[in-house]
Structures are given as structure tokens and as C-alpha cells.
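Encoded as C-alpha cells, the structure appears first; notes follow it.
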Amino acid sequence: MASQIDITDDDLRFEEEVLREPYKLKGWLRYIDHKRASNSGGRSVTVLFERALKRLPGSYKLWKQYLEHRLSLVQTKNAVLSSEDYRRVNLCFERALLLLHKMPRIWIMYAGLMTRQPDVSAARRVFDRALRALPVTQHQRVWPAYLRFARRVGGIVAERVYARYVQMWPDRAEEFIAWCVAQGRWAEASRRLIVEIDSGRSGSAWRRLAQIMRAQPEAVAELRVEDILRDGIARGRGAGELWTALAAHFVARGLVEQARDIYEEAVVKVDSVKDFAMVFDAYAAFEEAGVAAALESEAERVAKGNADDLLMDLKLLRLERLMDRRPFLASDVVLRQNPHSVAAWVKRVALWREKNEEPRIVETFEDAVLRVVPAKASGGSVAELWLAYAEHFGASDRVKEYRDVMDRAVAAPLGSKEELADLYVAYAESELKRGNIEYTRRVLTRATAHTAKSLRVWALLIDLEEGAGSVAATRAAYDRVLELRIATPQTIVDYAQFLEDHSFFEDSFRVFERGISVFGYPVAIDLWNVYLARFVKRYAGEKLERTRDLFEQALGGCPAAYAQSIFLAYGRVEEEYGLARRALRVYERATQGVAREKKLEMFRYYAAKTAELLGLPATRAVYERGIAELGDKDAVALVLDYAKTECRLAEIDRARALYKYAAPMGVDMWAVWHEFEVQHGNEDTFKEMLRVKRSVQAKFNTDPKVLAALEVEKQAQRALALAAAANIDDSAPGPANPDALAIDDDDL
């Protein structure tokens with residue numbers, strides 16, 4: 001064998017190495033690399049590989065390099081013209097696979113070689129052998145090359161290969177379907193889409209299937225198209241598109257009447273507005289196409305002198321009737337979606353009303369009130385539906401039919417008691433408009449029995465009795481409302497006013513007391529205010545002790561937040577009908593009995609009334625008490641009022657003392673004091689004001705710069721004082737205590 005490869009002097013050392021260690025792979029690889037580098041020719045390298053493989057037949061690395069070498073030798077050769085060379089390479093791969101059949105790279109290289117040769121079956125068999133020999137986990141390395149080969153070959157081979165591929169990886173069926181569509185293999189694409197639909201893996205499968213069946217009716221004729229599409233419709237998957245696809249399929253096959261039947265079935269079965277719009281538009285286009293075809297046919301017959309307008313009229317009539325039915329068909333869809341939609345039923349009635357179809361209107365209302373379940377009603381209530389039904393008759397003054405419907409309505413199941421009350425109120429108001437007072441009273445009497453706690457019903461009955469009934473009946477209605485505890489504060493006021501208008505004053509006051517006992521605060525305070533005002537208006541000062549008792553009763557349980565109005569009213573009564581001292585005692589109590597935020601207002605009012613009744617000097621006690629009780633902010637406001645009062649009394653010093661008293665409270669009142677000193681003071685008092693102002697500002701100011709300036713000023717004053725002390729005449733007797741010369745900060 002060595003003589004076959006033309007051993008040169010450079011080869012001797014490699015030859016000796018492989019002869020010395022024939023089973024060492026590295027030696028053979030170095031020898032092979034040397035031969036390649038020396039450009040010894042492909043045959044020499046091939047012979048060397050064969051020698052190496054005889055010694056190391058199971059070496060994957062050696063076989064891989066050998067096969068790559070053999071592939072490179074035929075890389076530029078034509079597979080047909082050099083078929084013998086390709087056959088030899090094929091045999092090399094077969095020899096390698098005897099021991100390395102678990103190596104995917106060898107199989108991929110072999111399959112790639114086979115795809116370059118004209119024998120398609122042989123190449124396919126190599127791919128199949130690879131898939132059988134390799135474990136499943138390595139199949140994904142083979143399939144990309146196998147699919148490329150299949151797509152290049154096409155036809156039934158590609159279809160079968162893809163079928164096996166999808167069987168292995170079902171989630172990759174989209175690749176197969178896309179290939180079928182691209183190749184025009186519509187039947188297989190449809191079958192694969194059906195499989196995807198059954199598996200639930202593709203959300204768009206129904207739509208794509210419908211498109212294929214609509215566009216390629218002949219190609220999918222072998223499939224049970226109608227059964228398939230109806231199954232999709234039954235599953236509720238894109239019903240509009242599936243219906244139009246089914247109809248278009250029949251149209252493409254020339255079955256026009258069957259297509260029309262499909263459209264008619266579709267428009268009455270779709271249950272969404274979107275699907276209906278799609279089906280109806282397709283149906284209209286179908287009829288328009290029929291009209292256009294009839295026009296062309298009619299033109300040809302006219303040209304031949306065989307004019308016949310009957311077919312044309314029939315086509316036009318069908319199209320016109322279809323367009324007229326559109327709003328009703330759309331209404332049917334909405335009601336199929338939600339048969340409990342009150343608004344949808346009312347719109348359907350409006351459609352029939354436009355056509356003035358009285359029987360249809362009544363029929364629609366009857367269907368509506370039977371089919372709408374109160375608990376599921378939407379877009380309105382069942383009561384509104386009944387009212388619309390009754391109003392249909394009421395608008396044309398058919399009183400008997402109106403009453404029949406309303407009687408049925410109040411006896412029918414409703415969503416709530418409020419709906420029943422709405423019906424009764426509407427029923428009574430309608431009868432009242434017609435002037436049927438007695439019938440209205442009967443209706444409201446029934447209503448109060450069925451809706452005992454509906455204030456609207458009772459209010460309407462009370463209004464009726466007040467206007468057209470007796471006082472006793474009205475009082476009975478009001479009393480019943482109070483017993484049911486459904487009265488509002490306005491009901492109490494109205495009842496009391498009614499009794500007062502009929503001179504039942506004491507009964508009126510008792511109604512207020514009943515109302516106050518029912519309602520808590522803050523509602524009760526409004527009733528007390530009205531009650532006390534009317535009582536005072538009625539009796540003035542005749543029953544003063546009883547009036548006082550009522551005010552005391554009102555104040556007894558009244559929270560401080562709401563007591564001010566009662567205190568003020570109480571004081572005004574004492575001013576007008578009682579004693580001034582008692583009035584002032586009431587105002588004094590008020591300063592303690594009102595809310596904290598209203599105390600300042602109450603003290604000012606108390607002071608004003610004291611000045612009015614007893615004179616200005618008497619207000620000093622009020623102001624002093626208020627200043628002692630209020631917080632700093634409110635107290636300063638009261639001090640300023642007090643100072644103004646002293647000024648009015650010409651007590652300037654007292655006023656100045658008040659300003660000085662209020663200054664440390666931290667409230668800005670310097671402008672007022674400044675104005676006071678300008679009017680009433682002198683230079684000394686003005687300087688005193690400024691001194692107090694600086695002292696207060698120093699106390700409350702936290703600005704470091706201001707504090708530092710004040711400290712510097714204080715130290716300067718201390719230094720001046722010490723210097724003055726040092727200049728005292730030495731002959732003067734010194735102080736007994738040296739500390740007597742110390743200057744305190746307060747002295748500065």
C-alpha cells in the first residue's frame with residue numbers, strides 16, 4: 001500500500017510514525033494534514049485515509065474528515081455525467097454508516113449528497129433510514145434538510161413528507177398548511193385545517209377554511225363542504241364568515257336557489273350584529289348581481305325582439321323586499337342576543353309604528369312582556385315596557401285597553417317594589433289627567449295596599465285628598481305615613497301646615513313633636529326651628545312659660561354644633577316678650593352651649609346685645625369673660641373689640657392697656673395699635689408700643705439673622721451701661737454689693 005502513494009523524503013518521518021504506532025489517531029491525522037499541505041493530489045490523500053481507516057475503522061473524527069474529503073472531490077462535478085464518482089462516494093457513506101449509524105452529522109452529509117443526485121427515491125430512502133436509525137431527540141436535526149428536499153421535489157412526495165413531519169410535531173402544522181396553499185393543494189389544506197380545528201390549536205382555522213371553500217369550490221368538491229361549515233356555525237366560530245362561505249360555495253357551483261336559501265337561513269339565525277352585517281351585505285350583493293345579470297339578459301332579449309319583464313320585475317322585487325326587511329332583521333339579531341333588552345323591544349315597536357301596523361305593534365308588546373325576565377332586564381325596566389304598552393292605547397284615548405294593560409302590569413312580576421310604585425303613580429296620574437277623581441282614588445288605594453312603604457304613592461294620595469277629598473281623609477293619609485315611618489322632614493312640615501291652615505293648631509304642634517321624636521339631629525334642628533317659629537307666631541307672649549319650656553326642651557338634647565339658632569331665637573323671644581335680664585342670661589348660656597368655632601361670634605353678639613340693653617359699660621364683664629375663655633386668636637379679636645368700646649367711652653389708657661395685654665398672644669395686631677397711637681397717643685406711648693413690638697417679635701421670631709442682630713444690639717447696650725458705671729465719681733460711696741452694678745437683660 002505504501003508504494004501506491006508515492007512516498008517522498010518529507011513523508012518518511014510520518015510514515016515511520018504510523019508504522020510504529022498504527023493505532024494512534026494523531027499520527028494518522030498529522031500524516032494526512034502533511035499530504036494535504038504538500039498538494040500530493042486527491043488520490044494520495046484518499047489512499048492514506050483508507051490505510052488509516054483499516055487500522056481505526058470506528059473513529060468518527062477520521063471518517064468525518066474522509067467523507068468531507070470525498071465530498072470535496074465531487075463538489076464541482078455534475079451528478080449525471082459523473083454518476084460513477086458519486087456512486088463511489090455513496091459507498092463510502094454506506095461503509096461509514098455500518099459503524100456510525102448513530103451519528104446525525106454523517107446522515108445529514110449523506111442525505112445532502114443524495115439530494116444532488118437525480119434519484120429522488122434513493123434520496124428519500126436515505127432520509128427515512130436516518131430517521132429510523134437516529135433517536136427521536138435528534139430528529140429535529142434531520143427534518144430541516146428533509147423538508148427543503150421535499151419542497152424542492154414537490155408533488156405527492158412533499159405532501160407525504162409533510163404529513164409525517166406534522167405527525168411528529170402537530171404544533172407545526174401551519175408550515176404544512178402554508179405549503180399546501182402556496183402549491184394550490186386546496187383539498188389537503190382544507191383537511192389539515194379541519195384537523196387543526198378539531199385539535200383546537202388554531203384560532204383562525206375556521207376563517208381560512210371558509211376562504212378556501214368559498215374561493216375554490218371545485219378543488220374541495222370531494223369534501224362534505226356543507227356539513228363542515230354547518231358544524232363550524234354550530235360551534236359559533238365566525239358564523240357570519242362561514243354562512244357567506246357556504247352560500248358563495250353554492251353560487252360558485254351554479255346552485256343559485258340553494259345559495260338564496262342559505263342566505264335566508266343565515267339572516268334569521270346569526271346572533272351578533274357583526275355577523276348579521278356581513279351576511280346581509282353578501283346577500284344584498286348576491287341579489288344585486290342577480291339584478292345585473294337579469295338586466296344583461298333582458299337587453300339581449302330586447303335586441304332579439306323577445307322582451308320579457310317578468311323575470312326582471314321578480315329580481316327587483318326580491319331586492320326591494322330584502323332592503324325593506326333589513327331593520328327588522330337587525331332587530332331580530334339584537335333580540336336573539338339579548339331577549340331581555342327593553343330598549344331593543346321598544347325600538348322594534350317603533351319600527352312597526354313607522355309602518356302603521358297596529359296588530360304587529362300589539363303582538364310585539366305581548367311578546368316583549370312575556371319574554372323579558374324582570375331580574376335579567378337591561379336597557380330599562382319591565383315597568384317601562386308595560387308603561388310603553390299602556391301608553392300606546394292611552395295616546396289614542398282607548399281607555400278600556402289602557403286600563404286592561406295597566407291592571408295586568410301591576411299584577412305581573414316586576415323587578416322591585418319601586419317599579420310597582422312607578423306603575424301605580426303613572427296609572428293614577430293618567431286617570432287624574434282625564435278627570436277621573438274617584439277612579440284615581442281607587443287606584444291609589446290599591447297602590448297603598450301593594451306598595452305600603454312607597455312615599456311617592458302616599459304623596460300622590462295626600463295631594464289628591466288635599467285637593468279633592470276631605471280633611472279627615474287627608475289626616476288619615478298623613479297619619480298612616482307617620483305610622484309607616486316613611487315620612488320625610490318635608491312631610492312633617494306639610495302636615496303641620498295643612499293642620500294650621502284648617503285651624504288645628506295644637507294638632508299641628510303635636511305633629512312637629514312626633515316628627516322630632518322620629519328624626520335625630522341634624523334633621524331635628526330644622527323641625528325645631530320651624531316648630532318654635534310657628535309657636536311663637538301663634539301665641540306671641542300669651543303662653544310665655546310654655547314657650548320657655550319648649551325652648552328648654554329643644555336645647556336639652558341639642559348638640560352644640562346646632563344649638564346657636566335656637567339660642568338666638570330664645571333670646572329674641574325674651575327680648576320681645578320677656579325680660580332683658582333673662583334674654584342676656586340666654587345669650588350668656590349660648591356662649592357656653594355653642595360649638596367652639598362659633599364662640600367668638602356668640603360673645604360678640606352677647607356683647608352687642610348687652611350694650612343695647614344695658615349700655616356700653618356693662619359689656620366689660622362680657623369681654624373680660626370672653627377673653628379669658630377663648631383661644632389666643634379669638635381672644636385677640638375680642639380684645640380689639642373691647643379696646644374700641646373703651647375708646648368710645650373715652651377710656652384711652654384702658655384701651656392702651658388692652659393692646660399691650662394682647663400683644664404677647666402672637667397675633668398680628670400692630671397696624672391697629674399703630675393707628676390707635678397715631679390718633680390718641682404721644683411720643684412716649686408710641687415708643688412704648690415699638691418697644692413692646694420688638695420684644696414680641698424677638699420672642700416669636702426664629703430667623704437666625706434677626707436673633708443675631710438682636711443679640712448684638714443687646715451686647716452693645718450692656719457695654720454702654722458698664723462704661724457709664726465705670727465713670728462714676730470715685731468719691732461717691734460704692735455699693736455695698738459689687739453685683740449691684742450688674743445689668744440684667746430685662747433692664748435693657
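The values are calculated or read from the model by the stated rules, or taken from the named source; none is laboratory data. Values in this document were obtained by computation on a predicted structure and should not be read as measured data. Cβ placement follows ideal geometry from the backbone for every residue including glycine, while neighbour counts extend to all protein chains displayed. Surface accessibility is based on the protein's heavy atoms, side chains included, excluding ligands, DNA and RNA. Shrake-Rupley method; radii C 1.70, N 1.55, O 1.52, S 1.80 Å.
Quick notes
- Residue match in the range 451-458 (condition: closer than 24 Å to R534 by Cα and touching a residue at least 24 places away in the same chain (Cβ under 8 Å)): no
- None of P413, P359 is open to solvent by 60 Å² or more (accessible area, probe 1.4 Å), more than 27 Å from G240 (Cα to Cα) and not in a helix (DSSP H, G or I) except P413.
- Residues satisfying the stated conditions in the range 331-342, i.e. part of a helix (DSSP H, G or I) and either more than 19 Å from K355 (Cα to Cα) or open to solvent by less than 30 Å² (accessible area, probe 1.4 Å) (or both): S331, V333, V334, L335, R336, Q337, V342
- Among the residues listed as Y531, Y521, Y478, the single one being outside any helix (DSSP H, G or I) and either in contact with a helix residue (DSSP H, G or I) (Cβ under 6 Å, 6 or more places away or on another chain) or open to solvent by 60 Å² or more (accessible area, probe 1.4 Å) (or both): Y521
- Matching entry among A178, A158 (being closer than 30 Å to A130 by Cα and without any contact (Cβ under 8 Å) to a residue 12 or more places away in the chain): A178
- Residue within the range 416-434 that is in a loop (DSSP other than H, G, I, E, B) and farther than 30 Å from S470 by Cβ present: yes
- Here the helices (runs of 4 or more DSSP H) wholly within the range 584-681 that include at least 3 residues being charged (D, E, K, R), closer than 17 Å to G571 by Cβ and touching a helix residue (DSSP H, G or I) at 6+ places or on another chain (Cβ under 8 Å) are 599-614.
- Residues satisfying the stated conditions in the range 65-85, i.e. in contact with a Lys or Arg (Cβ under 7 Å, 6 or more places away or on another chain) and either touching a residue at least 40 places away in the same chain (Cβ under 8 Å) or among the charged types (D, E, K, R) (or both): D85
- Filtered residues of the range 388-398 (kept if in a helix (DSSP H, G or I) and either open to solvent by 60 Å² or more (accessible area, probe 1.4 Å) or touching an Asp or Glu at 6+ places or on another chain (Cβ under 9 Å) (or both)): Y389, A390, E391, H392, F393, G394
For every residue, the table says whether it meets (1) over 60 Å from the mean Cα position of the chain (by Cα); (2) modelled with pLDDT of 90 or more; (3) open to solvent by less than 60 Å² (accessible area, probe 1.4 Å).
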{"site": "L616", "(1), (2), (3)": "yes, yes, yes"}
{"site": "A621", "(1), (2), (3)": "yes, yes, no"}
{"site": "E624", "(1), (2), (3)": "yes, yes, no"}
{"site": "L630", "(1), (2), (3)": "no, no, yes"}
{"site": "K633", "(1), (2), (3)": "no, no, no"}
{"site": "A637", "(1), (2), (3)": "no, no, yes"}
{"site": "C647", "(1), (2), (3)": "yes, yes, yes"}
{"site": "A650", "(1), (2), (3)": "yes, no, no"}
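- Residues in the range 173-191 that are open to solvent by 50 Å² or more (accessible area, probe 1.4 Å), closer than 30 Å to R141 by Cβ and part of a helix (DSSP H, G or I): E174, E175, A178, V181, A182, Q183, R191.
- Single unsatisfied condition, A210 versus (1) open to solvent by 20 Å² or more (accessible area, probe 1.4 Å); (2) modelled with pLDDT under 80; (3) in a helix (DSSP H, G or I): (1)
- Candidate set: the range 38-88, residues that are in a helix (DSSP H, G or I) and over 27 Å from E15 (Cβ atoms); chosen: the one most open to solvent (accessible area, probe 1.4 Å): R87
- Selection within the range 370-387 - in a helix (DSSP H, G or I) and surrounded by fewer than 17 Cβ atoms within 10 Å (Cβ to Cβ): L370, R371, P374, A375, K376
- In this structure, S59 qualifies as modelled with pLDDT of 90 or more and over 24 Å from Y165 (Cβ atoms).
- For the residues V457, V493, the requirement of being within 49 Å of the chain's Cα centre (by Cα), closer than 26 Å to D407 by Cα and either modelled with pLDDT of 90 or more or open to solvent by 50 Å² or more (accessible area, probe 1.4 Å) (or both) singles out V457.
- Scanning the range 233-270 for residues that are modelled with pLDDT under 85 and under 31 Å from the mean Cα position of the chain (by Cα), we see that the one that is farthest from I197 (Cα to Cα) is G240.
- Failed item in (1) under 30 Å from P118 (Cα atoms); (2) in contact (Cβ under 8 Å) with a residue 24 or more places away in the chain, with G58 passing the rest: (1)
- A search for C-beta distances below 9 Å between a residue of the range 499-521 that is in contact (Cβ under 8 Å) with a residue 40 or more places away in the chain and any residue that is open to solvent by 70 Å² or more (accessible area, probe 1.4 Å) and of a type outside the set (S, T, N, Q), counting only pairs 6+ apart in sequence or on different chains, returns Y521/Y562.
- Which numbered condition L209 fails, given (1) out of contact with any Leu (no Cβ under 6 Å at 6 or more places or on another chain); (2) in contact (Cβ under 8 Å) with a residue 12 or more places away in the chain; (3) of a type in the set (A, V, I, L, M, F, W, C): (1)
- Test: residue in the range 128-146 that is free of Cβ contacts under 8 Å to residues at least 12 places away in the same chain and farther than 30 Å from R87 by Cα: yes
- Test: residue in the range 379-399 that is in contact with a strand residue (DSSP E or B) (Cβ under 7 Å, 6 or more places away or on another chain), modelled with pLDDT under 90 and under 27 Å from V342 (Cα atoms): yes
- Any hit, the range 456-464, residues being of a type in the set (G, A, S) and under 27 Å from R360 (Cα atoms): no
The rows are residues; the columns are (1) more than 30 Å from A292 (Cα to Cα); (2) under 35 Å from the mean Cα position of the chain (by Cα).
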{"site": "R318", "(1), (2)": "no, no"}
{"site": "R325", "(1), (2)": "no, no"}
{"site": "D332", "(1), (2)": "no, yes"}
{"site": "N338", "(1), (2)": "yes, yes"}
{"site": "V346", "(1), (2)": "yes, yes"}
{"site": "A350", "(1), (2)": "yes, yes"}
{"site": "E354", "(1), (2)": "yes, no"}
{"site": "E358", "(1), (2)": "yes, no"}
{"site": "T364", "(1), (2)": "yes, no"}
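- Taken together, the residues in the range 343-356 that are open to solvent by less than 50 Å² (accessible area, probe 1.4 Å) and β-branched (V, I, T) amount to 1.
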